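Participant: Supplied in structure tokens, the structure appears directly below.
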Amino acid sequence: MLFDKLTESVTYTAIANECDTSITTVLRYCSMITIPKPKTLPTVIGIDEFKGNAEGYQYQVNLTNPDTHEILDILPKRDTQALIHYFASFKHKDRLQVKFIVMDMSIQFKRIMEALFPHAHIICDRYHVCRLVDWAVERVRKREQHKLAAYSRMLKQNRRVLMKHPDHLTEAEHIKLCEILRISDDLRKAYALKLSFRKIFSIYGKQRIAAHLTHWLELVKASGLDEFNNFFTSFPAWMTQLTNAFLLPYSNGYTEGTNNKIKVLKRISYGLRHFGRFRVRILLLSKKNGTNHTYDWCQRRLVG
């Protein structure tokens, strides 16, 4: 029963109380569990960092299989040399079988994965890409909020209207959106850029997706909005990976979901300082199921 409770998102204290034992005993039993790193790597890997506090390191790394929905491993620190050492410990033939790697737009992760998995297709996570565009719109809104004192309160109270999909707006929200776009030329430009970018979800084919991203950057340049300037450097450097993001079905949605579960475990426990036990608890929370059902389909799309 005690071991079963360790697979749940509950504190050591709660486990001790329910099993009528001491916290020391619970910790001892948890320390007895050994979960080795994976012997091989799957064809699809998701990698993301999360804020932890184990062993004095601020960030840990979550390694998942987005296709089968399982956590592969939890790495103790977000350190370049440590990550290289970890992935290099796998045999070359095992690394060659990794075909898709999903990540946010982390230069550190990108360089490591390109060096150790040269034949894998790197995929930017769609959610993170769209969030960058939303953040740019939000920066414009904040600027206009400070600039247009007479409308400051309205811009602040209705900021979520700008983020919401236009098809999901209520009649009252649509009226508020029209008013916001009426009072600010720059917000109207920023909102138009957001809608233009979102059209990428209805575009199919590698060439057309890349062309849409290039055209969107031209619209950004024509808008003259400083809040969007960072896209001129980030998007060209990630063009292949961004195209893969909207071409292929893989995302870091599962990885982000497990990060949220980790945060819940960490919060209710007021932090877990011992990395070994922290890692065990996280891996026990992961459900091992599913099959690799989209790999062949992705290969066909990349070739086509």
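The values are calculated or read from the model by the stated rules, or taken from the named source; none is laboratory data. Everything numeric in this text was worked out from a predicted model, so none of it was measured. Note: ideal-geometry Cβ built from the backbone for every residue, glycine included; neighbour counts use all protein chains shown.
Participant: Only residues that are touching a His at 6+ places or on another chain (Cβ under 7 Å) and over 12 Å from Val133 (Cβ atoms): list them for the stretch 200-248, please.
Facilitator: Matches in the stretch 200-248: Ile203, Asn244.
Participant: Six or more apart or on different chains, Cβ atoms under 9 Å: show the pairs whose first residue is in the stretch 169-182 and part of a helix (DSSP H, G or I) and whose second is of a type in the set (Ser, Thr, Tyr).
Facilitator: Leu177/Tyr191; Glu179/Tyr151; Ile180/Tyr151; Ile180/Tyr191; Leu181/Tyr191
Participant: Identify, by number, the condition in (1) over 14 Å from Arg279 (Cα atoms); (2) aliphatic (A, V, I, L, M); (3) assigned to a strand (DSSP E or B) that Leu72 doesn't meet.
Facilitator: (1)
Participant: Here's something else I'd like to know. With (1) outside any strand (DSSP E or B); (2) free of Cβ contacts under 8 Å to residues at least 24 places away in the same chain as the list, and Leu63 as the residue in question, which single condition is left unmet?
Facilitator: The failed condition is (1).
Participant: In this structure, does Tyr204 turn out to be exposed (fewer than 13 other Cβ atoms within 10 Å of the Cβ) and not charged (D, E, K, R)?
Facilitator: yes
Participant: Output the number of the condition that Ala82 fails; it satisfies all remaining conditions of (1) under 30 Å from Leu162 (Cα atoms); (2) part of a helix (DSSP H, G or I).
Facilitator: The failed condition is (1).
Participant: I would also like to ask the following. Please count how many residues of the stretch 14-33 are under 33 Å from the mean Cα position of the chain (by Cα), at pLDDT 80 or above and hydroxyl-bearing (Ser, Thr, Tyr).
Facilitator: Final tally of qualifying residues: 0.
Participant: Here are some conditions: (1) farther than 28 Å from Leu132 by Cα; (2) among the basic types (Lys, Arg); (3) out of contact with any Phe, Trp or Tyr (no Cβ under 8 Å at 6 or more places or on another chain). Arg111 meets all but one. Which one does it not meet?
Facilitator: Result: Arg111 fails condition (1) only.
Participant: Ok, one more. For the stretch 239-298, enumerate the residues that are modelled with pLDDT under 75, over 21 Å from the mean Cα position of the chain (by Cα) and in a helix (DSSP H, G or I).
Facilitator: Within the stretch 239-298, Ile268, Asp296, Trp297 qualify.
Participant: Of the numbered conditions (1) in a loop (DSSP other than H, G, I, E, B); (2) of a type outside the set (D, E, K, R); (3) without any contact (Cβ under 8 Å) to a residue 40 or more places away in the chain, Phe90 fails exactly one; give the number of that condition.
Facilitator: Only one criterion is unmet by Phe90, namely (3).
Participant: Sticking with this one: Could you pull out the residue among Lys194, Lys110, Lys206 that is among the basic types (Lys, Arg), touching a residue at least 12 places away in the same chain (Cβ under 8 Å), within 30 Å of Pro66 (Cβ to Cβ) and in contact with a Leu (Cβ under 6 Å, 6 or more places away or on another chain)?
Facilitator: On the way: Lys194 fails: in contact with a Leu (Cβ under 6 Å, 6 or more places away or on another chain); Lys110 fails: in contact with a Leu (Cβ under 6 Å, 6 or more places away or on another chain).
Result: Lys206 is the single residue among Lys194, Lys110, Lys206 that is among the basic types (Lys, Arg), touching a residue at least 12 places away in the same chain (Cβ under 8 Å), within 30 Å of Pro66 (Cβ to Cβ) and in contact with a Leu (Cβ under 6 Å, 6 or more places away or on another chain).
Participant: When you go through (1) out of contact with any strand residue (DSSP E or B) (no Cβ under 8 Å at 6 or more places or on another chain); (2) assigned to a loop (DSSP other than H, G, I, E, B); (3) surrounded by 14 or more Cβ atoms within 10 Å (Cβ to Cβ) one by one for His119, which number turns out not to apply?
Facilitator: Against the list (1) out of contact with any strand residue (DSSP E or B) (no Cβ under 8 Å at 6 or more places or on another chain); (2) assigned to a loop (DSSP other than H, G, I, E, B); (3) surrounded by 14 or more Cβ atoms within 10 Å (Cβ to Cβ), His119 comes up short only on (3).
Participant: Go through the stretch 193-203 and give me each residue that's assigned to a helix (DSSP H, G or I), more than 17 Å from Leu155 (Cβ to Cβ) and of a type outside the set (S, T, N, Q). I'd like the intermediate steps shown before the answer.
Facilitator: Of the residues in the stretch 193-203, the ones assigned to a helix (DSSP H, G or I) are 193-202.
Restricting the remaining residues to those that are more than 17 Å from Leu155 (Cβ to Cβ) gives 193, 195-202.
Across the stretch 193-203, the qualifying residues are Leu193, Leu195, Phe197, Arg198, Lys199, Ile200, Phe201.
Participant: Return yes or no: is Glu49 acidic (Asp, Glu), more than 30 Å from Arg95 (Cβ to Cβ) and free of Cβ contacts under 8 Å to residues at least 60 places away in the same chain?
Facilitator: Working: acidic (Asp, Glu): yes; more than 30 Å from Arg95 (Cβ to Cβ): no; free of Cβ contacts under 8 Å to residues at least 60 places away in the same chain: yes.
In short, no.
Participant: Quick check: anything in the stretch 153-173 touching a Ser or Thr at 6+ places or on another chain (Cβ under 9 Å) and hydrophobic (A, V, I, L, M, F, W, C)? Before you say what the answer is, go through the steps one by one.
Facilitator: Going residue by residue through the stretch 153-173, those that are touching a Ser or Thr at 6+ places or on another chain (Cβ under 9 Å) are 155.
Imposing the further condition that a residue be hydrophobic (A, V, I, L, M, F, W, C) reduces the set to 155.
Looking through the stretch 153-173, at least one residue is touching a Ser or Thr at 6+ places or on another chain (Cβ under 9 Å) and hydrophobic (A, V, I, L, M, F, W, C).
Participant: Could you grab me the full set of residues in the stretch 209-228 that are surrounded by 13 or more Cβ atoms within 10 Å (Cβ to Cβ) and either modelled with pLDDT under 95 or of a type in the set (S, T, N, Q) (or both)?
Facilitator: Within the stretch 209-228, just Ser223 meets the criteria.
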